[in-house]
Amino acid sequence: MHISVSEMRRVTLIEVSGRVDSLSATKLGEALNEQIDAGHIQLVIDLSNVEYISSAGLREIVSAAKKVRSSGGDLRIASPSQRVRDVLQLAGLLELFQIFPTQVEAVGSF
Amino acid sequence: MPQERRFILQGALAHVPEACQFVRESARLAGLSDKQADDCELATEEWCTNIIEHGYGKHGVQGRIEIVCQTLPSVFRITIYDESPPFDPTTLPAPDRSAPLTDRQPGGLGWFFIQELMDTVQYEYRNGRNTLIMTQHNPNIGEQPRPEPESAFPARTLANGVRVVTPSGRIDSTTGRQFEAALSAQLEAGFNRIVVEMQTVNYISSTGLKALLSAQRRAQAQGGGIALAALTRRVREVFEMSGFDTIFTLANATDEAARALG
């Protein structure tokens, strides 16, 4: 799994690629927390290059979303693959996140 | 000719991707679809992670996990063995998938995923090992006999005109839709007072609950209703946790449920 973070004017964009499994999820959690601790609470997580995600990965995303929302921010998801979308659906999370087909739309939504 | 492949890993998260890869490969070799291989892979990760974090991890050891994939007539079977202390996942509460985000517990999804992703899941503590047996039907090795909705949900009518429907086994995301169709068919046939006998239902997912809820609304709109009888303890807990026990009469016996419908 690889994570790259870009700070934009109003939004912090977190692009994730590869496998988000129980081994790598901790790293994703740390990256998200680092942004939140720095006061960045408008987050877009781009999942277009994530080929696989398990409940461990969802756990980190849910936990970060709860934190930013409690401070008035949000975590929005950009372009999940069908497979990732299926897992979000299975977890009952599809309706709880704003999900955008492209990164540009997700960033522009803030 | 049944085929068997075996993989042993040290119980550390670093080795789980290899286990996933092995199961995925075995599923594809057995002739399962990509989607089915995806599901087997995810179920394997969820269970192995559970063993490593809660089974071995809690006791500070790095034990062994053994995975056996078998291609059997009509099914692909994955059996996962570990030697951590006995842990029966069937006692785990189901996560509340309808709760708002602020009320969501970040964890607890793994076991739920496994049950939803696989066709059958069975846990045993056997010869000092936790043993999880999961299957997916194999589209390439003969058709899995799929019962018609009528026979999967037998129905009969009581003397007072109440219709009794008797599902059995698991009402999950797949069979939940058939269950909804079966209830719909009863309502469309003019039966608006229905007792669902639950004694042989051992699992119900949110799809099953939704099917019951939608049938309840329709039945009540026609002046009738749905009542449930003879729930197992585990299924009753699902109703209680989700608050569905306030929407349905949960009776011990069929005649009692029928009386509740007037």
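The values are calculated or read from the model by the stated rules, or taken from the named source; none is laboratory data. None of the values given here were measured: they were computed from a predicted structure. All Cβ positions, even for glycine, are placed from backbone atoms using ideal geometry, and neighbour counts span all protein chains on display.
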Exercise. Could you give every pair whose Cβ atoms fall below 6 Å, whose first residue belongs to segment B:168-190 and is over 16 Å from B:R217 (Cβ atoms), and whose second residue is of a type in the set (S, T, N, Q), counting only separations of at least 6 or pairs across chains?
Worked result: B:S168/B:T200; B:D172/B:S205; B:S173/B:S205; B:S173/B:T207; B:G176/B:T207
Seminar exercise, completed: segment B:177-262: helices (runs of 4 or more DSSP H) wholly inside it with 3 or more residues that are of a type in the set (G, A, S), surrounded by 17 or more Cβ atoms within 10 Å (Cβ to Cβ) and within 20 Å of the chain's Cα centre (by Cα) are B:206-221
Problem set entry | Those helices (runs of 4 or more DSSP H) lying entirely in segment A:20-110 with at least 2 residues closer than 28 Å to B:G57 by Cβ and in contact with a Leu (Cβ under 9 Å, 6 or more places away or on another chain) | A:25-37, A:55-70, A:82-90
Seminar exercise, completed: Of the residues in segment B:83-99 that are more than 30 Å from A:E95 (Cα to Cα) and either surrounded by fewer than 16 Cβ atoms within 10 Å (Cβ to Cβ) or among the small types (G, A, S) (or both), the one that is modelled with the lowest pLDDT is B:D88
Problem set entry | Residue among B:C48, B:C20 that is of a type outside the set (D, E, K, R), within 16 Å of A:A56 (Cα to Cα), in contact with a His (Cβ under 9 Å, 6 or more places away or on another chain) and modelled with pLDDT of 95 or more | B:C48
Seminar exercise, completed: The residue from B:I80, B:I51 that alone is within 14 Å of chain A (Cβ to nearest Cβ), under 21 Å from the mean Cα position of the chain (by Cα) and more than 19 Å from A:G92 (Cβ to Cβ) is B:I51
For this session: Assess whether A:G92 counts as being under 23 Å from B:T49 (Cβ atoms), surrounded by fewer than 22 Cβ atoms within 10 Å (Cβ to Cβ), without any contact (Cβ under 8 Å) to a residue 60 or more places away in the chain and within 14 Å of chain B (Cβ to nearest Cβ).
Result: yes
Exercise. Of the residues B:Q36, B:Q70, which is under 24 Å from B:S173 (Cα atoms) and more than 12 Å from chain A (Cβ to nearest Cβ)?
Worked result: B:Q36
For this session: With the condition kept exactly as written, say whether any residue in segment A:32-44 is surrounded by fewer than 22 Cβ atoms within 10 Å (Cβ to Cβ) and within 14 Å of chain B (Cβ to nearest Cβ).
Result: yes
Exercise. Which one of the conditions (1) among the small types (G, A, S); (2) free of Cβ contacts under 8 Å to residues at least 12 places away in the same chain; (3) closer than 22 Å to A:E51 by Cβ does B:S33 fail to meet, given that it meets all the rest?
Worked result: (2)
Exercise. Any idea which residue in segment A:60-83 is farthest from B:K35 (Cα to Cα), counting only those that are touching a Phe, Trp or Tyr at 6+ places or on another chain (Cβ under 8 Å) and away from chain B (no Cβ under 11 Å)?
Worked result: A:R76
For this session: Output the residue which, of all residues in segment B:100-120 that are of a type in the set (D, E, K, R) and within 9 Å of chain A (Cβ to nearest Cβ), is surrounded by the fewest Cβ atoms within 10 Å (Cβ to Cβ).
Result: B:E116
